[in-house]
There are 2 protein chains.
Amino acid sequence: MSEASDKSKQGPDFAKCDGLLPAIAQDVATGDVLMMAYMNPESYAETLETGRAVYFSRSRNKLWRKGEESGNVQKVHAIYVDCDLDTILVKVEQIGGAACHEGYRSCFFRKVTPEGFEVQGERVFDPAEVYKK
Amino acid sequence: MSEASDKSKQGPDFAKCDGLLPAIAQDVATGDVLMMAYMNPESYAETLETGRAVYFSRSRNKLWRKGEESGNVQKVHAIYVDCDLDTILVKVEQIGGAACHEGYRSCFFRKVTPEGFEVQGERVFDPAEVYKK
């Protein structure tokens with residue numbers, strides 16, 4: 001079987017977006033959108049291999065094994081790609097209950113209102129405790 | 001009140017990412033992630049003003065009033081920003097039932113499996129019918 005016809009090779013199209021595709025993490029149980037980060041081919045391959053979400057940090061320019069510092073890893077339950085094959089949706093179990101480095105369950109903890117931001121949800125952990133220097 | 005202290009000005013930070021921020025549309029009723037696109041300041045402002053999701057099409061380099069062609073507009077119920085203020089989450093009611101131009105409810109209709117893509121969900125509409133030339 002040629003590589004082109006091997007269906008197991010079907011995945012995101014990393015030829016797009018300079019090989020850095022947006023990846024949305026969604027809580028598999030609650031449906032909450034937890035965060036958005038980026039994956040390159042290496043982080044995507046490691047995600048598939050390990051069953052833990054691995055992103056590529058643009059600011060640090062290296063693989064970002066989500067939770068490697070905080071312990072709040074994301075167990076991958078399913079991976080989806082969008083119609084253009086250039087966005088990834090990862091359904092995860094968020095260990096520790098919080099995806100956000102600020103201690104909230106979701107990074108999207110601020111709602112836009114006419115009166116400004118409204119914080120929704122409570123902190124699951126104290127960032128100062130978790131990210132000890 | 002100075003502009004800096006006006007909380008009603010609180011929103012995404014369009015000084016980041018060259019003013020083009022990822023925007024995730026999530027079905028407000030089901031929690032399904034429907035699509036990901038981009039917003040610039042103009043599309044974000046029009047989204048707030050009209051209560052309909054307006055994106056910026058990178059390929060067409062212009063405002064993309066979602067549903068203007070297909071009629072499948074997205075009524076905005078709530079807008080969230082992430083911890084870095086550079087990703088937008090829009091909770092919407094998807095009129096017509098399908099967000100994807102391929103006729104599926106969600107653009108993320110393909111699951112990655114070891115055997116290749118597995119299409120999940122059925123087509124809500126036939127693209128050839130909706131996007132008549």
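Bear in mind these aren't lab numbers, they're just calculated from the coordinates by the rules spelled out. Every value quoted in this text rests on a predicted model; they were computed, and no experiment measured them. Neighbour counts are summed over all protein chains in view; Cβ atoms, including those assigned to glycine, are modelled from backbone coordinates with ideal geometry.
What to note about this one:
- Scanning segment B:1-60 for residues being more than 13 Å from the chain's Cα centre (by Cα) and among the polar types (S, T, N, Q) gives a total of 7.
- B:ALA37 satisfies every condition listed in (1) under 16 Å from B:CYS107 (Cβ atoms); (2) touching a Lys or Arg at 6+ places or on another chain (Cβ under 6 Å) except (2).
- Among the residues of segment B:76-120, the ones that are within 13 Å of chain A (Cβ to nearest Cβ), surrounded by fewer than 16 Cβ atoms within 10 Å (Cβ to Cβ), of a type outside the set (Asp, Glu) and outside any strand (DSSP E or B) come to 2 in all.
- Residues satisfying the stated conditions in segment A:50-68, i.e. part of a loop (DSSP other than H, G, I, E, B) and in contact with a helix residue (DSSP H, G or I) (Cβ under 8 Å, 6 or more places away or on another chain): A:ALA53
- Subset of segment B:2-49 (residues that are assigned to a strand (DSSP E or B) and among the small types (Gly, Ala, Ser)): B:ALA23, B:ALA25, B:ALA37
- Within segment A:21-50, tally of residues that are touching a Gly at 6+ places or on another chain (Cβ under 7 Å) and under 23 Å from B:VAL92 (Cα atoms): 1
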